[in-house]
Structure formats: structure tokens, C-alpha cells
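No lab work stands behind these numbers, since they all come straight from the coordinates. Owing to the predicted nature of the structure, the values given are computational and were not obtained by experimental measurement. When we count neighbours, we look across all protein chains shown, and the Cβ atoms used for this are built from the backbone with ideal geometry, even at glycine.
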């Protein structure tokens, strides 16, 4: 028999604390997502590092939780958030350049004038915003820590943690809703301010100050707005093209694409984009075979579609992931999306290739290179899974016997060209035809497949040398290592320096945060390594699962939101169950390790090629199993902590380390993250087995005074 306490009649004070935990957790998640979306609009380079903003939030929350018993810092939250906003707006006037990073970045400052300040290097804005973002979460982390410790003393740590998870889940849902309806940043920050009223409600002295600061933030965000629409991926603006029908699409202040007249004139064309029109049409006019049905991946505003209609294709399928860019395409000079020969799909290109039953005479990869990451948890870019061996093979499998594949690309680095050549050559087993010229919107055209076989000019000797010497030596992108834009496999000096910098910031933050932590860390005492390792491991498996599910279901914002929300829901279920009916820790730990090994051994391809129902079932098992057991293990150990706030803080700081370890996927691949997580969990289990602390997962109380009377419920 097992006895454990449940408070069936919480006091008014405890009910208030529960509401505050849910509210502040909502604010934390919503503020995280808002900054991850808004900061890249102001500072271009942050679009390539949104995971660092997420890591900074973990750091701030962890440091705040470690200060749970100190004097309240809640007054600092609104002004710290205001500083983040003000500094970001100031940095938005500066062009930061990067020549020495190990990854190619599209830093195009289209919205800045010629007199804008230019700074060589991108570390300054990244590190500065990392620190300021972390500071804005410290007061919120302290607030959560205080309430968690109150629940430990008056009820149960797990009930407090459950409310924290519930608030976080509601925050994710709310941000998904505002993304779906296309709400602007002014709405995001206003909602933070409104829900934040619950957090500061009992501190009447802060009311006027809080209201003034939050209104100032909202006014500043709205007054500096430059976009005309917000998609789930970018802040967008359409600007008319001078002396040419059409418009330019500006994404996060950078030139993303142009909608141009793509009808090829019969006479000599002297327009500003004459060579662009030639580049679009040339390879299609050179292809052999029928022109019945074509597919465009990354259709954007419709340039490729307009060209294919002009070239006489009977049917064109246009696939574009961004719904707002598709809507902008309705105003394309040639109105391609209004044609009854065109079918439009607002979908991820990779997912479309997997699910479609059509065969195509021509598949066109538009200029798909993105300027943002797949999710805030990952180093993978939005377009990375399109440029992998598996993706090109999937496209080839959708071609008719005489079909061909076209790829338009703006090559910025030679190694990117080398990899794209390798991807096409390894798939079609012949060298693709390549045309290099400055076509304004792209500078390289790749043509592969039977429809373009006659265009190859390589000699037999060159072909043999390529396939026997060059191709085997290439490290081509795969679904496990989808990093087309990395110069080489591994963590380059730039990323290593960032990791070292953020690790140093985290250590200094811990040392400065409190005397107890300073003495404990320096004397190797008072460090809750078990909770720390749980944080490391969970962040890694969360990253791995969100990335994998984007590959399985499509790399869209909705997939990321649903998966992230489902993970939080599964953690909440596991936590509540462990409060109501705990299981032996050994069972949960064994289930976790076995589930993680199963997800490591089962290839992602086993899910990709299945029907929707089977894919859903396998996805639930692959993600739900490990997440459930991980939440159970954490809950069982968290409930016996004598200081819930300190344990929560160390867990969040572990998540910081896990976020930094995620960069190792650039060297080892995405699957390796699971192995690192397994090692972290096994280390935590080893620490538990050697610990002199409580081994029976039953709540303990640190307080000397007797606990409050509670109803004891007997469970068999």
C-alpha cells in the first residue's frame, strides 16, 4: 500500500499562487515565442540563431528560480523587456556583416539606406541580445520558483509544476492562434501586458509603473513597424519594382523575391529584367519530351508558374509553404494563380513530394533558400530538408520516364555549388547540365534527368573522374545531416566561440545570482546534478523530436506548434499521474532508456513512407513514449526535492547546456542527439543510485514545523 497526501481544499492563498503560476508560465512561453519571432525582424542575423533566444530564456528562468528566496525582482521584468525592445530597435539601423562564419548567411539589408552604419562581425548583436533577453526572464523565473516552493510547503511540488506546464501549454496554443490569424507584434506584446496584470496584481505599488512601461513597449513596437503583413515565418512587405511591372517581396527587411512579368516577348527585350526572363525560359525551351504536367516547389509569388504557363504546360502544380506570400502572388503581373491550368498547394515541399500521387514531366525547385530556422529548438533551416539526398531522390521518383528536374539557385559559396552538383549526380547517376550567369534573381541553373541528358557537355573522362574520385569524397546533406549551408561537417570556430561565450555567461550568472550557489558551485556542493542532467537530456530529445516530426509531417509552423504543444501535454499528463498514482522509479527509468533506444534504432524513413493513419500511430509511439517516461522520471525525482525552486532552477540551467549541445548535430548528425540524451539520463540515474538522499519517491518536507493537515488517500 502507498500513502500520499493530496490537498483537496486548498487555501485561498494557494489558489491564488496556482493562478499566478499558470499566468506567469503563460507569459514566459508567449514572451519567448514573441521575441523569437520579433527580434529577427529587427536584427537580421537573429533569424539564423533563434535557438539562442530560447536558450537565453532558460538561462534567465534558471537564474531567477535559484534566487527564489531573495528579495523580489518582479519590478525589473517590464523595464528589462523594454530594454530588449529598445536595443533591438537601435540595432535595426545597423548592417552587420559576416565573412568568417562557418555557415553561409543571407544578410541582405534592403531596407537600410546607403548611409547606414556597417559593422564587420555578427557576434555583438547575438551576444548582446542573448544577455538582455536572459535578464528579461530572471524576474519571471524567480516568481515561478517562489510559487513552486509554496506549493511544496503547503501542498505538493508536482501540483505547482503541473500548473506551470498548463500555463506553458496555454501560451503555446495562444501564440499558435495569433500566428494563424496573422496578428501583428503589437498584439503579441499587448497580450503579454494584459496577462501580466495577473502576475503583478498583488503588488499595487507597481501598477502605475507597470502600465506606463508596457504601454511604452506596445507604442514603440507599433510606431516602428515596417511590414505590411506577418506570415508565420516572416515580416513581409511588397514594394513596387521601378520601371518594370511587378513588385519585390521584402522578408524581415531583406529582399526575398521579385514578382516579374515572365512572359517572354517575341522581339528583343530591353527591360530591366530581360536577362532574368531569359534565364527562367532557357532550360525549359531546351528540354525534350512532353510538357503535360509540371510541379513547382517553392512557387512563391508565381514567377516559375507564369513561365511554365507561357511555355505551354497543360497543368502546373504550385507548392508554397508561406500562405501570405501565396496571397501576394495573386497580384503577380501575369496572374498565374488565376489560371485554370494551375493548382495551388499551401504546403511544405518535402511533404508534398511524399504524399502526391502525380507524376510530372518537369519538377522545378524555385529559389528555395530560406532566411530563417525550422524552429527555435533547432539549427536546421526551413529549407534544409529540401536539399538532401532523400529529397532529391523523392523528386526523381515523381518524374515521368522522360522527365527532368530544374533547380534555380543563387550560389553564394563554391562549396554549396559542389554539394548541389553531388546531390543531383548521385541521384540521377549522370552529371547535371549547369549554366552559370547573373540572372539577377539567381546565378546558377541545374538541369538533370532524361529530359536534359542531351545538354551535358562533360567528356567520358570527366564523368569517370567525377564518379570515381570527386563524388565519393563529398559529404552530401542527408536527412540526418541536412546542413547544406555549413562549410564542412563539424562545429566551426565561430560556433565554438559562441558556445564558450554563452557557457561563460551562464556560469557567471549562477555565481552572481546568489551566495549559496556561488559557494556551492565552487566547493562542488549544492549542485543538483540530477536535475541538471534531466534538463540537458530533455532539451536534446525535445529538439530531436520536433525536428523529426517536421520532416515526417512537413516543415510548417503548424507542425512545430502542434508537436511542441503535444510534448507539453504529455509532460503534464505524466506529472499529474505521478502525483495521483506514482510508479516505481526503476520501471520508469527502464522504460525511458528502452524507448529512447527504440527511437534511435527506428529510421525516420520508416515513418515517412506510410499512410497517414500508420504515420500518426508511429509518430505517437516514437515521440509519446520517451516523453512520457522522461516526464515520469522527472516528476518522481522532483517531488522529493526539499527545495522545489532550486531544483527547478538547476533543471532549467541543464536545458541551457542541452541547447548548446544541440550544436553538436552539425558534426554528429541529428540522430546522435538521442545518444547524448541517453548518456545524460544514465548519468542522472547513476547519481541517484549513489546519492545519500531519499531513494523512495515520496514527498519530503524541508520545514522544521509540522506540515499542514491534509486528507490522506490510500492507493493500492
Rounded to 0.05, the calculated FRET efficiency for the beta carbons of residue 478 and residue 438 at R₀ = 35 Å is 0.65
Expressed in angstrom and rounded, the centroid-to-centroid distance over alpha carbons for region 70-121 and region 571-602 is 41
The chain: relative contact order from alpha carbon pairs under 8 Å, six or more residues apart, as a whole percent, is 18
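Take each of the peptides 117-129, 25-37, average the number of other beta-carbon atoms within 10 Å over its residues, and list them starting from the highest.
Details: 117-129: 16.1, 25-37: 24.6.
So the peptides 117-129, 25-37, ranked by packing, come out 25-37, 117-129.
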Descending packing, highest mean Cβ count within 10 Å first, for 285-296, 454-465, 475-486, 581-592 is 475-486, 285-296, 581-592, 454-465
With a ≥ b ≥ c from the Cα gyration tensor eigenvalues, square-rooted, and the rule rounded for a/c under 1.5, otherwise prolate when a/b > b/c and oblate otherwise, region 278-408 is oblate
Per the C-alpha gyration tensor (a ≥ b ≥ c, the square roots of its eigenvalues), region 575-685 is rounded if a/c is under 1.5, else prolate if a/b beats b/c, else oblate; here it's oblate
For the chain, longest principal axis from Cα atoms; helix 50-66 axis from its Cα atoms; angle between them, nearest 10 degrees, is 0
Only helices counted: for the chain, with every DSSP H run of 4 or more residues adding -39500 (n - 2.57) and the sum spread over all residues, [θ] at 222 nm is -17500 deg cm²/dmol
FRET efficiency for residue 339 and residue 128 from the Cβ-Cβ distance with R0 = 45 Å, rounded to 0.05, comes out at 0.40
Zone reached by a paramagnetic label modelled 7 Å from residue 471 Cα along Cα→Cβ, restricted to region 419-440 with backbone N below 16 Å, covers 419-434
Note on region 1-146: contact order normalised by length, alpha-carbon pairs under 8 Å, 6 or more apart, percent, works out to 39
Heads up, region 276-335 by the C-alpha gyration tensor (a ≥ b ≥ c square roots of eigenvalues; a/c under 1.5 rounded, else a/b over b/c prolate, else oblate) looks prolate
Ranked output for segments 491-500, 63-72 by mean other Cβ atoms within 10 Å, highest leading, reads 63-72, 491-500
Eigenvalues of the alpha-carbon gyration tensor of region 77-141, times 5 and square-rooted, give semi-axes in Å, largest first, of 26, 15, 8
Normalised per residue, the volume inside the convex hull of the alpha-carbon atoms of region 52-186 in Å³ amounts to 155
Longest principal axis of the chain (C-alpha) makes with the long axis of helix 672-690 (C-alpha) an angle, in degrees to the nearest 10, of 10
Distance in Å, no decimals, from the C-alpha centre of region 148-220 to the one of region 406-425 is 46
So the angle from the long Cα axis of helix 557-580 to the longest Cα principal axis of the chain, reported in degrees to the nearest 10, equals 20
